[in-house]
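A quick write-up on the structure given underneath.
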Amino acid sequence: MAGTGKIHVYYGHGKGKTTAAVGQAVRAAGAGFRVMFFQFLKDNSSSEREILKNIPGVTCVAGRDKVKFYRQMDKSERIELINYHIKKLDEIVKICESFDILILDEALCAVSIGALDEDRLLGFLRHKPKDLEVILTGHEVTEKLLGIASYATEMKKKKHPFDAGLGARLGIEY
């Protein structure tokens with residue numbers, strides 16, 4: 001890709017951010033690219049992982065086995081999660097050079113709730129391998145992260161079954 005690696009952000013309160021990132025992973029793998037996929041704030045049970053881990057060229061970095069909602073965590077659990085995210089991001093930074101695409105699903109959410117240090121993420125993005133394409137997803141994006149992005153797509157909810165009381169459905173929302 002000769003120094004053309006861009007930064008994408010898929011954000012907003014509408015459905016489709018992770019779905020778009022997964023679609024990009026499939027497209028990239030189909031073109032022979034090597035893809036690394038990691039999910040902040042999610043465990044290893046999201047349905048997209050089941051198919052992604054079986055696609056040649058896609059590496060799913062394991063996350064935590066069980067994840068609570070951040071708002072349900074006590075202070076010590078939050079500190080543990082923050083430290084876990086620091087460790088995982090550092091681990092990813094060390095090995096990402098051998099990949100063409102890096103997807104950091106829910107990284108924007110992790111930043112917005114304080115579970116991932118924005119400056120640490122920005123430091124990585126500013127000094128990432130020049131050919132590495134990076135995709136970040138989440139509900140909200142900061143001005144700093146939006147400013148560094150080459151692509152920014154906002155998913156805006158107009159209508160969702162959740163509004164009528166329907167919970168998340170396997171294979172559709174997770």
Provide the per-residue ³J(HN,Hα) series for the range 43-57, in order, calculated from phi with Karplus coefficients 6.51, -1.76, 1.60 and θ = phi - 60°, each as a whole number of Hz, with x at glycine and proline positions. 8, 8, 9, 4, 4, 4, 5, 4, 8, 4, 5, 9, 8, x, x
What residues qualify as long-range amide H neighbours of Ala152, i.e. H under 5 Å apart, gap of 5 or more or another chain, H built at 1.01 Å from N? Val9
Specify which residue in the list Pro56, Ile135, Leu166 is farthest towards the positive end of the charge dipole of the chain, using unit charges on the beta carbon of Lys, Arg (+1) and Asp, Glu (-1), about the Cα centre. Leu166
Given the rule -39500 (n - 2.57) for each run of at least 4 DSSP H residues, summed and divided by the residues of the chain, what is its mean residue ellipticity at 222 nm, to the nearest 500 deg cm²/dmol? -10500 deg cm²/dmol
For His13, the net charge from surrounding residues (Cβ-Cβ under 11 Å; K, R +1; D, E -1) works out to +3
Please rank Thr19, Thr4, fewest neighbouring Cβ atoms within 10 Å first, as an exposure proxy. Thr4, Thr19
Which distance in Å, rounded to a whole number, links the C-alpha centroids of the range 53-97 and the range 1-41? 17
Quick one: give the max-minus-min coordinate of the C-alpha atoms of the chain along each principal axis, largest first, in Å. 48, 34, 31
Could you list Leu41, Leu125, Leu102 so that the one with the fewest beta carbons within 10 Å of its beta carbon is first and the one with the most is last? Leu125, Leu41, Leu102
Mean separation of Cα contacts under 8 Å, 6 or more apart, over the residue count of the range 1-159: relative contact order %: 44
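Each value in this text was obtained by applying a stated rule to the coordinates, not by laboratory testing. As the structure is a computational prediction, the values presented were derived from the model and not from experiment. Because the Cβ atoms are built from the backbone with ideal geometry, glycine has one as well, and the counts that use them run over all protein chains shown.
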